[in-house]
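K.L.:
If you scroll down you'll find the structure; I have some questions about it.
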Amino acid sequence: VGGSSSNDLHVQLAMALISATVYSHIRDCKLPQAIRLLEMQLCSFPDNEAALSLLGYCYYHLGDFPAAATMYAKLTKVCPGERKYGIYHAQSLYKGSLLGEAEKACLAIAERHAQVELLQACIKFEQDDLSGSRKILEQVSLDEVDVYVALGCCFYKEGCYEQALKSFTDALNIAGFHPQLIYNRAVCLYQLKLHKQALECLVGIFEHGVKEYPELGVGSHVEGLELCSVGNSQALRDSQLVEAFNLKVLSFQYHLKCLTVILGNCQQLFELH
């Protein structure tokens, strides 16, 4: 009996060490290393909820949405009472552009939930069924930031830029400063040819990027020093800096085009006189 207890203790200690290592890798964004350890665990414990859930998380954040969907699909069978796994399964399928399967996964979730309805609206949007998307959104509580954003996207795709601008502004009033929402406003303002206001939004994104993401080195280039690539990092995506720079270039191109037309008209006037 003593030997058996000792073996159990060794197993528990080994499991605890593996768990600590996995969480450490996830904390340090070393997701491939975490996946390797979790897959080894899954070989011994194929229905382990924690391993399946963490694998789903890691695959999702690495952008391997089909693999994440596979993990969450298994979790819906291992833990049929956990609604969240059904939502994660549908969301992973949606992110992987498997829209038909994502739609079926949403319908398979027994209880109706605002998050499920929002996901269904997003699926309709990607299928270009804008009226179907808006119909679902109108049934969801309008206190949700994501609902305003989704409505804004529908309006924008329909070319209703003023209504889209209002929806994104309403979302900002609830969420506070958020680079992606500021960028969405800037795009609407650009489409409405309100370039000065659009540029003011972009300046806000740049200033936020300098303050909140110093590792990106925005505006810190020194003559003679080699620039380091930051890659397509999550910080870069969150900052919306690339999108803001691109829109700023478009705005300047527009003003340059207008200036060229004005100069051309002036030249014609001089020639007439």
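K.L.:
Is there a residue in the range 174-195 that is closer than 22 Å to Glu117 by Cα, open to solvent by less than 40 Å² (accessible area, probe 1.4 Å) and in a helix (DSSP H, G or I)?
P.N.:
yes
K.L.:
In the range 131-145, which residue that is among the charged types (D, E, K, R) and within 13 Å of Gln120 (Cα to Cα) is least open to solvent (accessible area, probe 1.4 Å)? Write out each step before concluding.
P.N.:
Filtering the range 131-145 for residues among the charged types (D, E, K, R) gives 134-135, 138, 143-144.
Narrowing further to those that are within 13 Å of Gln120 (Cα to Cα): 134-135, 138.
Working: Arg134: 62, Lys135: 134, Glu138: 127 Å².
Filtering the range 131-145 for residues that are among the charged types (D, E, K, R) and within 13 Å of Gln120 (Cα to Cα), the one least open to solvent (accessible area, probe 1.4 Å) comes out as Arg134.
K.L.:
Something else: Those residues that are more than 18 Å from the chain's Cα centre (by Cα), within 24 Å of Ser19 (Cβ to Cβ) and part of a helix (DSSP H, G or I), I need them from the range 68-111; list them, please.
P.N.:
Thr70, Met71, Tyr72, Ala73, Lys74, Leu75, Thr76, Lys77, Val78, Lys84, Tyr85
K.L.:
Here is a follow-up. So, in the range 35-48, of the ones that are out of contact with any Ser or Thr (no Cβ under 8 Å at 6 or more places or on another chain) and open to solvent by less than 70 Å² (accessible area, probe 1.4 Å), which residue ends up farthest from Leu93 (Cα to Cα)?
P.N.:
Here is the first cut: in the range 35-48, the ones out of contact with any Ser or Thr (no Cβ under 8 Å at 6 or more places or on another chain) are 35-36, 38-48.
Then keep just the ones that are open to solvent by less than 70 Å² (accessible area, probe 1.4 Å); that gives 35, 38, 41-42, 46, 48.
Numbers: Ile35: 20, Leu38: 22, Gln41: 25, Leu42: 22, Pro46: 22, Asn48: 22 Å.
It comes out as Gln41.
K.L.:
For the range 61-91, which residues satisfy the criterion of being open to solvent by less than 70 Å² (accessible area, probe 1.4 Å), within 17 Å of Ile123 (Cβ to Cβ) and of a type in the set (Ser, Thr, Tyr)?
P.N.:
Within the range 61-91, Tyr72 is the sole residue that qualifies.
K.L.:
If I filter the range 207-224 for residues that are at pLDDT 85 or above and of a type in the set (A, V, I, L, M), do I get at least one hit? Walk me through it before giving the result.
P.N.:
Restricting attention to the range 207-224, the residues satisfying the condition of being at pLDDT 85 or above are none.
The answer is no; no qualifying residue exists.
K.L.:
Applying the selection to the range 106-129, what residues are farther than 24 Å from Lys157 by Cβ and open to solvent by less than 90 Å² (accessible area, probe 1.4 Å)?
P.N.:
Going through the range 106-129, the residues farther than 24 Å from Lys157 by Cβ turn out to be 107-113.
Ala108, Ile109, His113 - these are the residues of the range 106-129 that are farther than 24 Å from Lys157 by Cβ and open to solvent by less than 90 Å² (accessible area, probe 1.4 Å).
K.L.:
Being closer than 30 Å to Glu49 by Cα, aromatic (Phe, Trp, Tyr) and surrounded by 15 or more Cβ atoms within 10 Å (Cβ to Cβ) narrows it down to one residue among Tyr148, Tyr94, Tyr156; which is it?
P.N.:
Values: Tyr148 fails: closer than 30 Å to Glu49 by Cα; Tyr156 fails: closer than 30 Å to Glu49 by Cα.
Matching residue, one of Tyr148, Tyr94, Tyr156: Tyr94.
The values are calculated or read from the model by the stated rules, or taken from the named source; none is laboratory data. Everything quoted here is computed from the prediction, not taken from an experiment. Glycine also receives a Cβ, built like all others from the backbone with ideal geometry; neighbour counts cover every protein chain displayed. These accessible areas exclude ligands, DNA and RNA; they are computed on the full protein's heavy atoms, side chains included. Shrake-Rupley method; radii C 1.70, N 1.55, O 1.52, S 1.80 Å.
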